[in-house]
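Single-structure report; data block below.
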Amino acid sequence: AASDVYKRQARNSDWQLFGALLLMSHASLSRDFGYTVEAADVVVDLAEDCSAEGIHGARSLGSAGAVLVVGQPFVVPQFLDRAKSTLEDRFGISANAVLL
């Protein structure tokens, strides 16, 4: 199953591949199933644009707008601030972020 692939990549510390899998999975959710919302798509696109800065990937977690973002530890907080600012500017959304 797909979740087994994600777990295996995380255990092997292959975060770039894990991020790529997240991006591909999100693309399928969005294009093939229409199961994402525009705000989540914007955050995932922003994550993909920030790959050279240390963000490995992102994926919508469903139609509620939650997004999982994977990246280098010292880069993720800055990315989250940027994503929150983008959501505020484009959609008037005051987003919450949780670091795990």
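The values are calculated or read from the model by the stated rules, or taken from the named source; none is laboratory data. Quick caveat, the model's predicted, so the values are computed rather than measured. Cβ atoms come from the backbone with ideal geometry, glycine included; neighbour counts cover every protein chain shown. In case anyone asks, the SASA skips ligands and DNA or RNA and just uses the protein heavy atoms, side chains included. Shrake-Rupley method; radii C 1.70, N 1.55, O 1.52, S 1.80 Å.
Odds and ends about this structure:
- Highest average packing first - 73-84, 58-69, Cβ atoms within 10 Å: 58-69, 73-84
- Within the accessible area of the chain, the carbon and sulfur atoms contribute 52%, probe 1.4 Å, all protein chains present.
- Charge dipole (debye, nearest 20) of segment 17-100; +1 at Cβ of Lys and Arg, -1 at Cβ of Asp and Glu: 200
- Global geometry of the chain, whether rounded, prolate or oblate, following the gyration tensor of its Cα atoms and the 1.5 cut on a/c: oblate
- For the chain, the relative contact order comes to 22 percent (Cα pairs under 8 Å, sequence separation of at least 6).
- Estimated from helices alone, the mean residue ellipticity of the chain at 222 nm is -16000 deg cm²/dmol (sum of -39500 (n - 2.57) over DSSP H runs with n ≥ 4, per residue).
- Whole-Å distance, taken between Cα centres, linking segment 65-100 and segment 16-64: 13
- Protection proxy ranking of 86-92, 17-23 - average other beta-carbon atoms within 10 Å, highest first: 17-23, 86-92
- For the chain, accessible area per residue (1.4 Å probe, heavy atoms of protein chains only), Å²: 63
- Between Glu38 and Gln72, the contour length at 0.36 nm per residue exceeds the alpha carbon distance by 9.7 nm.
- Amide hydrogen neighbours beyond the local backbone of His56, cut-off 5 Å, H modeled: Val70, Gly71, Gln72
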